Amino acid sequence: MTDLSRLIIPRGFRFGATKAGLKASGRPDFALIVADAPASAAAAFTANRVTAAPLIVDKQHLTATKGKVRVVAINAGNANCATGKAGLDAAKATCEAAAKVFGCKSEEVFPSSTGVIGKLLPAEKLIDVMPSLAASLGSESDHFIEVAQAIMTTDLVEKTAFARLEVAGPDGTTKEICIAGVGKGSGMIHPQLVPHATMLVYILTDAAVEPGILDEYLRSAIEVSFNRISVDGDTSTNDTVLLLASGASGASIGQGDAAFATALTQVCTSLARQIVADGEGVTHVVELHIEGAASDADALRVAKAIAHSPLVKTAWAGCDPNWGRLAAAIGYSGAQIDPDRIDISFGELVICRDGGRAADFDEVSAHAYISQPEFSISIQLHQGEGRCVFWTTDLTHQYIHINADYST
């Protein structure tokens with residue numbers, strides 16, 4: 001249960017959620033985030049070429065408004081993907097209804113969906129409950145948590161992250177900026193967000209930031225957070241990260257503000273790690289440190305090869321210190337390597353040295369180490385200065401159980 005007293009809610013937004021009847025469980029499944037005035041926006045979307053209808057609409061709307069959003073409308077229980085023109089019509093109808101309720105342009109509405117692919121979205125259910133939901137919106141912590149809970153699908157817990165920083169105003173006074181993030185994701189998690197079950201993330205700040213500058217901050221934060229996680233290697237059709245800036249704090253952020261960039265990255269990284277930790281059927285969370293690669297891109301290739309290997313992931317599930325599977329994944333990753341110079345450590349335990357079993361390899365200690373719910377693995381390739389940190393999970397029987405009958 002989230003401690004509401006610790007939540008940091010940015011000014012200039014209202015929140016709420018309700019039951020629209022999309023989830024078979026009967027739980028809340030429709031949420032709104034509403035800016036008091038059109039907020040600056042930056043977004044990144046899935047690289048999957050099968051793209052859900054709301055994402056197509058979102059891109060059109062952001063272009064039309066030059067990066068302004070007034071209302072975010074999120075439904076769970078239906079992905080509104082692979083539904084053709086009917087899916088686009090449903091997303092647009094939702095936007096038009098929101099525009100009427102909140103007195104804004106339909107292009108200022110940002111729709112999102114998550115759930116089963118291939119089923120028509122009954123937009124009328126969302127439209128019917130929108131007026132009553134609009135009347136119940138609030139700016140307090142409990143309203144924010146309503147959103148976090150309503151967008152969950154196979155998630156077991158809500159996911160939120162917060163940051164606060166102080167900046168000097170033009171008049172010499174100090175102003176406080178708040179950043180809050182809410183997200184969902186548990187399965188179908190291997191985001192490949194561009195430019196450059198589904199992951200949806202909404203990050204809000206009360207700083208004043210121009211859309212183009214906001215986009216620069218978001219891209220940088222995404223690259224070391226959401227683009228560095230994987231549960232199952234599947235890239236969703238609906239992956240979305242949206243960053244909104246209301247400007248309600250009265251503090252402006254320009255390019256190159258290190259404190260703001262750091263705070264935003266911290267929020268993104270926290271949400272990314274929470275998504276991994278809540279992965280479907282997960283019993284182990286693994287932090288991979290790839291160092292000494294020929295380039296950062298090569299380091300990422302190695303991390304992904306390991307993170308997506310069923311043999312590696314099932315070994316982790318069984319707490320089996322089978323480092324040979326790691327070596328094999330490194331070998332087929334496509335990265336530049338020298339097999340005789342690979343070093344592997346589990347935490348502080350040296351497992352592999354110069355491409356072979358370390359002389360002091362202790363299988364009992366290694367087994368005990370990776371029996372922990374969270375552990376780290378370090379790989380040194382001795383090829384250059386490239387590096388990355390990547391978070392992933394094991395693969396368990398429970399994951400298969402969840403996904404074997406997901407749509408039924």
Does region 248-262 contain at least one residue that is touching a Lys or Arg at 6+ places or on another chain (Cβ under 7 Å), hydrophobic (A, V, I, L, M, F, W, C), part of a loop (DSSP other than H, G, I, E, B) and in the same structural domain as I9 (by TED's automatic domain parsing)? yes
For region 261-284, the count of residues that are buried (at least 21 other Cβ atoms within 10 Å of the Cβ) and basic (K, R) equals 0
Single match in P321, P339, P310 (criterion: of a type outside the set (S, T, Y) and closer than 18 Å to G279 by Cβ): P310
Before we move on, is A98 crowded, with 21+ Cβ neighbours inside 10 Å and touching a Leu at 6+ places or on another chain (Cβ under 8 Å)? yes
Exactly one of I342, I400 is closer than 12 Å to A293 by Cα and assigned by TED's automatic domain parsing to the domain that holds P321, and that one is I342
So which residues in region 15-60 are part of a helix (DSSP H, G or I) and over 16 Å from I117 (Cβ atoms), if there are any at all? V57, D58, K59, Q60
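Table: residues versus (1) small (G, A, S); (2) buried (at least 24 other Cβ atoms within 10 Å of the Cβ).
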| position | (1), (2) |
| --- | --- |
| D29 | no, yes |
| A41 | yes, yes |
| A64 | yes, no |
| K68 | no, no |
| I74 | no, yes |
| G87 | yes, yes |
| A90 | yes, yes |
| F102 | no, no |
| E108 | no, no |
For a quick check of your reading of the model, give me the residue pairs whose first member lies in region 118-132 and is under 10 Å from A93 (Cβ atoms), whose second is part of a loop (DSSP other than H, G, I, E, B), with beta-carbon atoms closer than 7 Å and at least 6 apart or on different chains. L121/N80; L121/T83; L126/A20
In region 249-260, which residue that is in contact with an Asp or Glu (Cβ under 8 Å, 6 or more places away or on another chain) and surrounded by 19 or more Cβ atoms within 10 Å (Cβ to Cβ) is farthest from K184 (Cα to Cα)? A251
Pick out, from region 296-380, the strands (runs of 3 or more DSSP E) lying fully within it that include 1 or more residues that are touching a helix residue (DSSP H, G or I) at 6+ places or on another chain (Cβ under 6 Å) and buried (at least 19 other Cβ atoms within 10 Å of the Cβ). 343-346, 349-353
Within region 201-234, the residues that are surrounded by 19 or more Cβ atoms within 10 Å (Cβ to Cβ) and over 30 Å from D171 (Cβ atoms) are V201, Y202, I222, S225, F226, N227, R228, I229, S230, V231, D232
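Results for (1) in a helix (DSSP H, G or I); (2) modelled with pLDDT of 95 or more; (3) in the same structural domain as R273 (by TED's automatic domain parsing), shown as yes or no for each residue.
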| position | (1), (2), (3) |
| --- | --- |
| D89 | yes, yes, yes |
| F110 | no, yes, yes |
| V147 | yes, yes, yes |
| T154 | no, no, yes |
| T160 | no, yes, yes |
| G172 | no, no, yes |
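The values are calculated or read from the model by the stated rules, or taken from the named source; none is laboratory data. Bear in mind the structure is a predicted one, so any value in this text is a computation, not a measurement. Reconstructed Cβ throughout: ideal geometry from the backbone, glycine too, with neighbour counts over all protein chains shown.
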